[in-house]
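Asks: Right, I'll just put the structure down here and ask away after.
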Ligand SMILES: Cc1cc2nc3c(=O)[nH]c(=O)nc-3n(C[C@H](O)[C@H](O)[C@H](O)COP(=O)(O)OP(=O)(O)OC[C@H]3O[C@@H](n4cnc5c(N)ncnc54)[C@H](O)[C@@H]3O)c2cc1C
């Protein structure tokens with residue numbers, strides 16, 4: 001056996017130290033769950049989460065997601081006061097906009113629904129877009145809304161570091177180079193996990209292994225239906241006059257998003273012909289080695305065209321990417337797993353896991369410690385697809401479709 005773990009017993013073990021696992025670990029410890037151990041196969045916080053754009057979004061597809069988005073922003077806003085650990089974020093607000101009639105109708109519908117769920121927003125015209133976000137020319141805008149409550153975290157790594165510092169302060173542990181290779185079950189109940197460094201006895205395990213979550217579920221015969229799909233973004237070199245307080249922009253017809261970043265612009269978006277990558281097929285796979293393709297971002301830049309002319313004219317300073325975990329219905333998998341007492345999942349990010357993991361972690365901790373979550377998570381029930389397993393090809397093709405139609409599933413179906 002390799003050098004032993006510093007702990008052999010815990011009240012809860014979280015598998016995966018990304019945004020989901022660290023959020024759940026922090027919230028469990030903060031809610032008084034006892035000794036929590038977050039394990040990661042690599043360095044904690046080194047896979048998809050530090051590569052995210054760091055955007056939070058209050059306009060969501062339904063009321064549950066809206067509540068989780070509100071809760072997530074609240075967690076981030078209150079984090080430093082609650083923990084004493086600094087966590088910088090920018091309340092830039094965001095613009096949701098469209099340049100074709102059909103996309104404009106979609107944006108209008110989403111805005112109306114969000115307003116009905118209590119989200120503050122304001123309809124703006126081309127001139128309003130230019131005024132609030134000078135990096136956008138406003139050209140061809142058919143419908144646009146400004147959402148003042150949206151925020152971004154400039155460096156996603158800072159959130160992961162903040163969670164780790166808060167977990168340590170609460171006396172719990174985050175351990176890297178500790179892959180979970182087995183989940184021990186006795187009579188249908190979780191009793192522990194195994195790693196090459198030894199076992200940890202525990203009655204509670206959360207599978208928050210991101211792109212590896214399906215493989216982790218399989219250790220205990222549970223299907224965790226996520227299809228990992230590649231996603232990329234770029235950050236330009238600094239642009240004269242760019243302010244960090246200009247808003248995030250989501251341009252629905254281009255399937256692209258933008259925000260100020262490091263004095264320049266960040267841009268990412270959904271490719272129409274996305275690539276699925278299954279880490280189960282290569283035990284050595286890790287996100288830093290994942291191949292990237294600048295052509296995808298060139299196409300998105302072209303699709304944004306005269307709305308963001310500076311984008312094509314400014315050299316790229318950083319190009320990065322990671323894996324979304326797509327589910328067949330584009331909803332998270334968050335809650336207890338039917339059939340194995342003590343096993344929970346927190347995954348199925350569908351592109352919003354960096355932000356919404358803050359609210360999901362809190363809701364799961366409330367549920368585990370207090371008996372019920374403050375937000376009804378029944379629509380995210382990990383068991384909703386049945387015992388499975390869902391056929392690999394079927395799951396991948398559903399995930400790719402969900403990714404390609406990320407902003408516009410209603411138009412494609
Ligand atoms: C380019 C890009 C931009 C994005 N932008 C945004 C955004 O603006 N807003 C937003 O909300 N979301 C965004 N996302 C999505 C977001 O990044 C993900 O939803 C989120 O980071 C997923 O977190 P995670 O914890 O599931 O995954 P990860 O960060 O990958 O963490 C999972 C961890 O599990 C570990 N693990 C795996 N198997 C095991 C095992 N057997 N034992 C122990 N540990 C294990 C891995 O090593 C890994 O560290 C973006 C994603 C990308 C790629």
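Asks: Can you compute the label reach from residue 289? Point 7 Å from Cα along the Cβ direction, backbone N cut-off under 20 Å, restricted to the stretch 177-216.
Replies: 177-181, 196, 209-216
Asks: By counting other Cβ atoms within 10 Å of each Cβ, how are 212, 401 ranked from fewest to most?
Replies: Values: 212 27, 401 18.
Lowest count first: 401, 212.
Asks: While we're on this one: Calculate how steeply helix 353-370 sits against the longest principal axis of the alpha-carbon atoms of the chain, using the helix alpha-carbon long axis, and give the answer as 0 to 90 degrees to the nearest 10.
Replies: 40
Asks: Can you give the convex hull volume of the alpha carbon atoms of the stretch 286-413 per residue, in Å³? Can you show the working numbers first?
Replies: Working: hull volume 22.1 nm³, N = 128.
Taking only Cα atoms, the stretch 286-413 has a hull volume of 173 Å³ per residue.
Asks: What residue among 213, 358, 82 has the largest mean-square fluctuation in a Gaussian network model of the chain, using Cα springs under 10 Å?
Replies: 82
Asks: With a 10 Å cut-off between alpha carbons and a GNM built on the chain, which of 241, 176, 322 moves the most?
Replies: Highest fluctuation among the options: 241.
Asks: Which angle between 0 and 90 degrees, to the nearest 10, do you get for helix 392-404 versus the longest principal axis of the chain when only C-alpha atoms count?
Replies: That helix lies at roughly 30 degrees to the long axis.
Asks: Percentage of Cα-Cα pair distances in the stretch 290-334 greater than 14 Å, rounded to whole percent?
Replies: On the way: 632 of 990 pairs.
I get 64 percent for the Cα pairs in the stretch 290-334 exceeding 14 Å.
Asks: Additional query: Given springs between every Cα pair under 10 Å in a Gaussian network model of the chain, which of 14, 107, 185 has the largest fluctuation?
Replies: The residue that fluctuates most here is 185.
Asks: Continuing with this model, one more query. Calculate for the chain the 222 nm mean residue ellipticity that helices alone would give, adding -39,500 (n - 2.57) per DSSP H run of length 4 or more and normalising by residue count, nearest 500 deg cm²/dmol. Can you show the working numbers first?
Replies: Numbers: 11 runs with 127 residues, N = 413.
The helix-only estimate for the chain comes to -9500 deg cm²/dmol at 222 nm.
Asks: Extension gain residue 101-residue 374, at 0.36 nm per residue separation less the Cα-Cα distance, in nm? Before the final figure, lay out the partial values.
Replies: On the way: separation 273, 0.36 × 273 = 98.28 nm, distance 3.86 nm.
Between residue 101 and residue 374, full extension yields 94.4 nm more.
Asks: While we're looking at this one, here's another question. Which distance in nm do the two modelled labels at residue 81 and residue 243 give, with both placed 7 Å along the Cα-to-Cβ direction?
Replies: 2.5
Asks: Something else about it: Using only the alpha-carbon atoms of the stretch 158-241 as identical scatterers, what base-10 log of I(q)/I(0) does the Debye formula give at q = 0.10, 0.12, 0.24 Å⁻¹?
Replies: With no solvent term, the Cα-only Debye profile gives -0.40, -0.54, -1.25.
Asks: With Kirkwood's inverse mean 1/r over C-alpha pairs for Rh, give me the Rg to Rh ratio of the chain, two decimals please. Write out the running numbers ahead of the final one.
Replies: Details: Rg = 20.7 Å, Rh = 21.5 Å.
The Rg/Rh ratio comes out at 0.96.
Asks: Taking the C-alpha atoms of the stretch 84-169, how large are the radius of gyration and the largest Cα-Cα span, Dmax, in Å?
Replies: So, for the stretch 84-169, Rg and Dmax equal 16.7, 52 Å respectively.
Asks: Efficiency by 1/(1 + (r/R0)^6): what FRET value for residue 62 and residue 341, r their Cβ-Cβ distance, R0 = 35 Å, to the nearest 0.05? Don't skip to the end; give the middle numbers.
Replies: Working: r = 29 Å, r/R0 = 0.83.
After rounding, the FRET efficiency stands at 0.75.
Asks: Give me the distance in nm between label points sitting 7 Å out from Cα along the Cα-to-Cβ direction at residue 9 and residue 186, one decimal.
Replies: Placing both labels 7 Å along Cα→Cβ, they lie 1.3 nm apart.
Asks: What whole-number distance in Å separates the alpha-carbon centres of the stretch 104-169 and the stretch 229-299?
Replies: Value for the Cα centre distance between the two parts: 17 Å.
Since every read-out is calculated from the coordinates, none of them should be taken as a lab result. Because the structure is predicted, anything quoted here is derived from the model rather than measured. All Cβ positions, even for glycine, are placed from backbone atoms using ideal geometry, and neighbour counts span all protein chains on display.
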